[in-house]
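Here it is, the structure in full.
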Amino acid sequence: MDRDNMKPLIMVVEDEAALVTMLRYNLEKEGYRVCEALDGEEALTVLAERNPDLVVLDWMLPVMSGIEVCRQIRRKPRSRDLPVIMLTARGEEGDKVRGLNTGADDYLTKPFSLPELLARIKALLRRVQPAQTKGVLQYETIAMDLTAHRVTRAGRNIHLGPTEFRLLQFLLQHPGCVFSREELLNAVWGPDIYVEPRTVDVHIRRLRKALNGDGDLDIIRTVRAAGYALDMDGAEIVAVG
């Protein structure tokens with residue numbers, strides 16, 4: 001096998017040519033392969049043709065916004081678990097939450113630190129490599145097959161993004177234990193990456209939405225002023241709709 005083809009492929013979706021050139025140079029210098037798209041529609045075409053390992057996605061794009069591209073990525077079974085880092089000039093907290101709610105795994109505001117972007121790419125790629133851990137984690141009716149990278153609840157397939165998968169994996173490894181936002185950030189995102197604590201709340205909501213169907217017990221317990229736990233004690237029935 002060509003060793004170059006074993007390197008992770010990063011897709012950069014950005015309409016600023018100078019920034020694309022800078023990112024390509026530095027990503028290739030770090031050992032990654034790079035493909036690029038200059039607008040949203042081209043991004044979806046390249047995505048289908050190249051099958052990247054991670055996407056660096058600008059919010060403000062011509063033709064189709066980065067938010068809509070992210071939605072399309074999450075709708076397609078082939079790319080549902082693809083890591084996405086949103087890169088944008090929009091720095092308001094509401095915009096960050098909107099980007100995360102749309103399906104982005106991480107968020108960087110322009111102007112950004114290149115070493116920080118590279119560190120986040122490395123950390124996110126490391127988190128989505130399931131081959132390093134094998135076996136099955138189980139709690140109540142939830143089962144996580146680490147080898148097949150598959151989650152089920154009562155036999156029903158659960159589709160999770162890479163961050164939600166890693167978050168659930170950590171909680172399954174410590175059922176009943178309450179973890180603060182800071183502890184979850186260190187365990188799931190890594191101590192070397194700065195992510196706002198509010199980000200944990202967004203991903204917990206996404207994990208809950210994926211796990212809980214109508215009539216299911218909410219298996220994730222929120223402990224006021226303390227954090228979150230995977231715990232059936234005091235679980236309430238979820239009503240969807």
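Taking interchain pairs and intrachain pairs at least six residues apart, which have beta carbon atoms under 9 angstrom, with the first residue in segment 193-207 and in a loop (DSSP other than H, G, I, E, B) and the second of a type in the set (Lys, Arg)?
Final answer for the pair search is ILE193/ARG120; VAL195/ARG120; GLU196/LYS96; PRO197/ARG181.
Show the residue pairs that are 6+ apart or on different chains and have beta-carbon atoms under 9 Å apart, the first residue being within segment 105-116 and in a loop (DSSP other than H, G, I, E, B), the second being surrounded by 13 or more Cβ atoms within 10 Å (Cβ to Cβ) and of a type in the set (Lys, Arg).
Listed pairs, sorted by first residue: ASP105/ARG127; LYS110/ARG90.
Taking segment 70-104 as the region of interest, how many residues are touching a helix residue (DSSP H, G or I) at 6+ places or on another chain (Cβ under 9 Å), modelled with pLDDT of 80 or more and part of a helix (DSSP H, G or I)?
Count: 5.
Which residues, counting only those in segment 134-149, are in contact (Cβ under 8 Å) with a residue 60 or more places away in the chain, surrounded by 15 or more Cβ atoms within 10 Å (Cβ to Cβ) and closer than 22 Å to MET232 by Cβ?
Across segment 134-149, the qualifying residues are TYR139, ILE142.
Residues being in contact with a strand residue (DSSP E or B) (Cβ under 8 Å, 6 or more places away or on another chain), buried (at least 19 other Cβ atoms within 10 Å of the Cβ) and more than 28 Å from LYS122 (Cβ to Cβ): count how many of those fall in segment 189-215.
Selection size over segment 189-215: 1.
Same structure again: If we keep just the residues of segment 159-179 that are modelled with pLDDT under 90 and of a type in the set (S, T, N, Q), which is surrounded by the fewest Cβ atoms within 10 Å (Cβ to Cβ)?
If we take residues in segment 159-179 being modelled with pLDDT under 90 and of a type in the set (S, T, N, Q), then GLN173 is surrounded by the fewest Cβ atoms within 10 Å (Cβ to Cβ).
Right, something else. Based on this model, can you work out whether ALA235 counts as among the small types (Gly, Ala, Ser), closer than 14 Å to ILE142 by Cβ and modelled with pLDDT of 85 or more?
So ALA235 fails the test.
Show the residue pairs that are 6+ apart or on different chains and have beta-carbon atoms under 8 Å apart, the first residue being within segment 25-50 and at positive phi, the second being not in a strand (DSSP E or B).
Partner pairs satisfying both residue conditions: GLY31/LYS7.
The values are calculated or read from the model by the stated rules, or taken from the named source; none is laboratory data. Remember, it's a predicted structure, so these values are computed and weren't measured experimentally. Reconstructed Cβ throughout: ideal geometry from the backbone, glycine too, with neighbour counts over all protein chains shown.
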